[in-house]
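The values are calculated or read from the model by the stated rules, or taken from the named source; none is laboratory data. None of the values given here were measured: they were computed from a predicted structure. Methodologically, a virtual Cβ is constructed for each residue, glycine included, from the backbone with ideal geometry; neighbour enumeration extends over all protein chains shown.
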Amino acid sequence: MRVARTILLLSVPGLMFFIIPIEGISFRLCWQLGAIWLAGIAFMAFLTSWFRRIFFLLALLQVVLLENVILVSYITLMMIAIFLAAIEGFKRICPEHVFNSICIAGLLLAGWIVLQRAGLLGVFTLGAFGAGPFNIDTASAFLGMTLPAFFRGRVFKSPPAPLCKGGEMVYWWHLLPLIVAGLFLARASTGVIAALAGAAVWTFFADGLRKKRVLGAVAVGGLLLVIFFNHVDTAADLAANPRWRVWQRTIMTYESAPWGRGLGSYAQIFPLFIATETALQNTVTVKTIKNDGIGVAVENAWLHAHNEYLQTGFEMGLPAMGLLFAFLIFIYGRAWLRRESLTALDRMALSGLAATAVAAAGFHIFHIAPTALLGCAWLGMIDRYQGPEVGDQEKEKLSCST
C-alpha cells in the first residue's frame with residue numbers, strides 16, 4: 001500500500017499539471033482522465049497477485065492508449081477492477097464458507113430450473129431458452145462451475161473438521177444428483193464439459209482413492225456423457241453450432257490488431273466483420289410479450305465471442321490472452337510439482353478453476369455478473385492455496401475468523 005499512499009499524497013499538488021496537449025481535450029477532461037489512471041495504478045498496488053496486477057495493467061493500457069475516449073471502455077475497466085477486488089476478498093474468507101455459498105447457489109439454480117420445467121415457475125421472456133434467471137448457456141456454465149464444491153465428505157476424503165475458526169464443514173456430496181439434473185435440464189454442453197473437467201482434475205490429483213471407486217465414477221460419468229450427447233445436446237448440434245465460425249473469424253482479426261482494439265470493442269466492431277455472412281446474422285430468436293399479443297424480437301447473438309480467451313485477444317491483445325494461458329500453466333504445473341502435499345481443499349480449488357477455465361472457453365462467463373463472481377470465488381481459493389503470491393507463511397497469516 002506504500003505505492004498507493006505515495007501516489008495519493010503526490011497527486012494533491014501534482015494533479016493540476018496533468019494536461020494532455022491535444023486539441024479538443026479540455027483541462028477538466030484531462031484531470032478526470034488523470035484521476036482515473038492514477039487510481040488504476042494505485043489499485044494495482046492493492047492487488048496481491050502479480051498475475052492480477054499485470055492483467056489490470058494491460059486493461060488500463062487499453063483505455064489509456066485509445067485514440068478516442070469511449071465510455072464503455074471505462075465501464076469495462078471498472079467492472080474488471082470490481083471483480084479483481086472480489087478475488088482479493090474471497091481469498092480472505094474462511095474456505096468452508098466460500099464452498100458452502102457455492103453449493104447453495106448451485107442448488108438454488110438447479111431447483112429453480114426443475115420448477116420451471118415442471119411448469120410451476122415462469123421463464124421470463126426467454127421461452128425455451130430460459131433456465132432460472134439465465135439463458136440455458138449461462139445456467140449450464142454456472143452449474144458446471146459449482147459442481148467441484150460438492151466434492152466434500154468421507155467419499156471424497158475431505159477434512160473431518162473445519163480448517164478455520166467459525167468455519168463449518170458441511171458435506172454436500174449427496175446432493176450432487178440435483179446439480180446433474182439441472183445440467184441435463186439446461187440442455188447446453190458448456191456446463192457439462194466444464195463439470196467433467198472439474199471432476200477429471202479432482203480425480204487426477206486425488207490421493208489414496210480406491211481403484212474401484214475411481215473406475216465406478218468414470219463409468220457413471222461416461223454413461224451420463226453418452227446419454228447427454230446422444231439425446232440432449234447432440235454431437236451433430238455441436239458440429240453445426242455457428243460458434244466455430246465466430247471463433248475462426250475472431251482469430252482472423254488478430255492479424256490487423258495484435259495489440260488489441262480496446263475494452264468493450266468486441267460488441268461494437270466484430271459485427272462489422274461478419275456483416276456479409278448471412279449464416280451468422282440474427283441467430284437468436286427471443287419471444288417477447290407485446291401489447292397486441294406475442295411478438296418475436298430477433299437480435300444479433302455475436303456481441304460477445306462466447307469464448308473469454310478469444311475475446312480477450314480481440315480487446316486486450318495477444319499478450320493478455322497469453323497471460324491467461326500462462327497463469328493456468330503455472331497453477332497446474334505448480335500443483336503437479338506439489339502433488340504429494342496437496343490437501344483435499346487444494347484439490348477442490350484446482351477442480352473449481354478447471355471447471356471455470358473450461359466454461360470460459362465455451363461462453364462469456366466473465367461478462368455476466370453472477371458467473372463472473374462465481375469464477376472469482378474459485379480464483380480466490382486458488383490464490384489462497386496454490387496461487388503464485390500465497391506461500392505457506394502467508395497462508396498462516398490470512399484471517400478466517402469471519
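Scanning the stretch 110-138 for residues that are among the hydroxyl-bearing types (Ser, Thr, Tyr) and either within 20 Å of residue 189 (Cβ to Cβ) or touching a Gly at 6+ places or on another chain (Cβ under 8 Å) (or both) yields a single hit, 138. Considering 114, 98, 63, the condition of being touching a residue at least 40 places away in the same chain (Cβ under 8 Å), touching a Ser or Thr at 6+ places or on another chain (Cβ under 6 Å) and hydrophobic (A, V, I, L, M, F, W, C) is satisfied by 63 alone.
Within the set 170, 155, 98, 180, the sole residue that is among the β-branched types (Val, Ile, Thr), assigned to a loop (DSSP other than H, G, I, E, B) and either on the phi < 0 side of the Ramachandran plot or at pLDDT below 90 (or both) turns out to be 170. Note on the stretch 1-79: enclosed helices (runs of 4 or more DSSP H) holding 2 or more residues that are surrounded by fewer than 12 Cβ atoms within 10 Å (Cβ to Cβ) are 2-14, 27-46.
Just wondering, is there one or more residues in the stretch 260-278 that are part of a helix (DSSP H, G or I), at pLDDT 90 or above, outside the structural domain of residue 193 (by TED's automatic domain parsing) and out of contact with any Lys or Arg (no Cβ under 9 Å at 6 or more places or on another chain)? So far as the stretch 260-278 goes, yes, one or more of its residues are part of a helix (DSSP H, G or I), at pLDDT 90 or above, outside the structural domain of residue 193 (by TED's automatic domain parsing) and out of contact with any Lys or Arg (no Cβ under 9 Å at 6 or more places or on another chain).
When the residues of the stretch 343-357 are filtered to those that are surrounded by fewer than 23 Cβ atoms within 10 Å (Cβ to Cβ) and in contact with a helix residue (DSSP H, G or I) (Cβ under 6 Å, 6 or more places away or on another chain), the one that is modelled with the highest pLDDT is 346. Determine whether the stretch 318-339 contains at least one residue that is part of a helix (DSSP H, G or I), hydrophobic (A, V, I, L, M, F, W, C) and in contact with an Asp or Glu (Cβ under 6 Å, 6 or more places away or on another chain). No - not one qualifying residue is present in the stretch 318-339.
Scanning the stretch 101-122 for residues that are in a helix (DSSP H, G or I), of a type in the set (A, V, I, L, M) and surrounded by fewer than 17 Cβ atoms within 10 Å (Cβ to Cβ) returns 104, 108, 114, 115.
Summed over the stretch 205-232, the residues that are assigned to a loop (DSSP other than H, G, I, E, B) and at pLDDT below 70 give a count of 4. Summed over the stretch 123-142, residues that are without any contact (Cβ under 8 Å) to a residue 12 or more places away in the chain and either surrounded by 24 or more Cβ atoms within 10 Å (Cβ to Cβ) or farther than 15 Å from residue 111 by Cβ (or both) total 3. If you take the residues of the stretch 186-204 that are surrounded by fewer than 19 Cβ atoms within 10 Å (Cβ to Cβ) and among the hydrophobic types (A, V, I, L, M, F, W, C), which of them is modelled with the highest pLDDT? Filtering first and then ranking leaves 200.
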